[in-house]
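The values are calculated or read from the model by the stated rules, or taken from the named source; none is laboratory data. Bear in mind that the values here come from a model prediction, so they are computed numbers and not experimental data. Here Cβ is always computed from backbone atoms with ideal geometry, including for glycine, and neighbour counts include all displayed protein chains. Remember, those area values only see protein heavy atoms, side chains included, never the ligands or the DNA or RNA. Shrake-Rupley method; radii C 1.70, N 1.55, O 1.52, S 1.80 Å.
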Amino acid sequence: MIILSGGTGTPKLLSGLKEVYAEENIKVIVNTAEDMWVSGNLVCPDVDSVLYTLSSLIDDNKWWGMKDDTFITHEALKYLNLDESMMLGDRDRATHIARSDLLRAGMTLTEATAKIASGFGIRAKILPMSDDHLETIIHTPDKKMHFQEFWVERKGEPIVNNVDIEGIKDAKPSESVICALESEDTVMIGPSNPITSIGPILSLNGLVDILKDKFVIAISPIIGKRAVSGPVEKLMAACGYEVSSLGVFECYKEFLDLFIVDVKDDCLVDDLSVDILRTDTLMSDLCKSKELARVMIDLA
Ligand code: GDP
């Protein structure tokens, strides 16, 4: 099974999937356009969430960082006037140090991620979407800023005029991503942000053309007019999409075959040109994640 992922909604699904499906048969293509260098190390927020989810180390209250982590280094850096914009835990930071060392030694992000994943004992394949560095830029009335500045430092408060991904024109999916997609007939898109998580993956050269030849199943991350979490409402509106499952459908309509929307969603999606499946998509605990994962397995 192959699934496109961001760092919260789809990892929730993966937490259930790994309990009910052979982990070695799971391949996850992960957004890297939110990556950022912090205190000398590369933080890959979405890749990290997937790594920690699949190793059962994720802090599943926040869906970022590791559970029971400490923040001694983060606090110590403040005394050196290095007030990091992100709260990086100590064990989490070890992942970033290892990754950055591997990159400096000449590995690609794909290779470094595979090495770190095997260190965590993960048998699923975690595939960063690209080995090219990309940055999601949020345009506000005052200035342009990195997605992490908008969301982590400014708590998603600035008005958003537009979103773009710096470097996307020349970015390619990694070889491993292409090979993984070629070996599957069905591709899943998890309930992730269609603008800043799935959007960058779809923007990679040739990616949409590959999906047009697949049976693509997507889960809507919007229920009714509301996101379950994160800044997706503001970002979809800024990019000209209705904040609803209909808006999510618009993002995927070129290649989508089956759209999964929540049973409580009253959005008028039934007239769309794709098949619709209504089910409970709100993963409020591991049991609910497993239930939704079973639906996906049956469909696959
Ligand atoms: P990010 O990288 O942290 O932004 O995370 P994602 O893009 O992977 O996930 C954020 C999206 O997941 C948001 O649009 C949420 O509305 C959606 N989401 C989070 N939890 C759930 C859930 O339990 N069910 C559904 N359907 N969507 C969810």
Practice item. Whole number please: convex hull volume per residue, Cα atoms of region 1-92, in Å³. Key: 92 Å³
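Carbon and sulfur: what percent of the chain's accessible surface (1.4 Å probe)? Spell out each step's value before the answer.
Working: 6530 of 13120 Å².
It is 50 percent, rounded to a whole number.
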Revision key, fill the gap. Unit-weight point scatterers at every alpha-carbon of the chain, Debye formula, q = 0.09, 0.11, 0.13 1/Å: log10 I(q)/I(0) is -0.41, -0.62, -0.89
Exercise for review: Jot down the radius of gyration and Dmax of region 34-190, Cα atoms only, both in angstrom.
Suggested key: 16.6, 53
Exercise for review: Compute the long axis of helix 9-20 from its Cα atoms, compare it with the longest principal axis of the Cα atoms of the chain, and write down the angle in degrees, 0 to 90, nearest 10.
Suggested key: 80 degrees
Point to revise | Residue-count net charge about Gly89 - beta-carbon cut-off 12 Å; Lys, Arg +1, Asp, Glu -1 | key: -4
Review point. Points 7 angstrom from Cα along the Cβ direction at Ser229 and Asp298: gap in nanometres?
Key: 2.6 nm
Check your understanding: Using a Gaussian network for the chain with springs between C-alpha atoms less than 10 Å apart, which of these wobbles most: Tyr21, Tyr79, Tyr52?
Key -> Tyr79
Check your understanding: How big is the gap, in Å, between the Cα center of region 125-170 and the Cα center of region 184-211?
Key -> 17 Å
Point to revise | Average accessible surface area per residue within region 49-156, 1.4 Å rolling probe, Å² | key: 50 Å²
Point to revise | Fluctuation leader among Thr136, Thr70, Thr32 - the chain, Gaussian network, Cα springs under 10 angstrom | key: Thr70
Review point. How big, on average over all directions, is the shadow cast by the Cα convex hull of region 103-189, in nm²?
Key: 8.3 nm²
Review point. How far apart, in nm, are the 7 Å Cα→Cβ label points at Leu258 and Asn162?
Key: 3.8 nm
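What's the extension gain from Lys155 to Lys115 if we count 0.36 nm per residue and subtract their Cα-Cα distance?
11.1 nm
Hey, what D do you get for region 59-148 in µm²/s if you plug the Kirkwood alpha-carbon radius into Stokes-Einstein at 25 °C and 0.890 mPa s?
Reported coefficient: 159 µm²/s.
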Practice item. Mind telling me which of Asn61, Asn162, Asn205 comes out most flexible in a GNM of the chain, alpha-carbon contacts under 10 Å? Key: Asn61
Practice item. Count neighbours as other Cβ atoms within 10 Å of each site's Cβ, and list the trypsin sites (Lys or Arg not before Pro) in region 81-138 that are DSSP loop with at most 11 such neighbours. Key: none
Check your understanding: Taking the simple approach of a point 7 Å from Cα along Cα-to-Cβ for both Asn61 and Ser39, what is their distance in nm?
Key -> 2.1 nm
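Please say if region 198-242 is rounded, prolate or oblate, where rounded means a/c under 1.5 for a ≥ b ≥ c the square roots of the C-alpha gyration tensor eigenvalues, and otherwise the choice is prolate for a/b larger than b/c and oblate otherwise?
Numbers: a/c = 2.82, a/b = 1.74, b/c = 1.62.
Prolate is the answer for region 198-242, as a/c is 1.5 or above and a/b outweighs b/c.
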Check your understanding: Using Cα atoms only, what is the angle between the long axis of helix 90-104 and the major principal axis of the chain, expressed in degrees (0 to 90) to the nearest 10?
Key -> 90 degrees
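Express the relative contact order of region 1-118 as a whole percentage, based on alpha carbon pairs under 8 Å and six or more residues apart in sequence. Write out the running numbers ahead of the final one.
On the way: 144 pairs, mean separation 24.7, N = 118.
It rounds to 21 percent for region 1-118.
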Check your understanding: Just for the chain, what percent of DSSP beta bridges are antiparallel, to the closest 5?
Key -> 40 percent
**Study point:** Taking the convex hull of Cα positions in region 146-263, its mean projected area over all directions (nm²)
**Key:** 7.7 nm²
Review point. Relative to the longest principal Cα axis of the chain, at what angle does helix 45-54 sit, 0 to 90 degrees, rounded to 10?
Key: 80 degrees
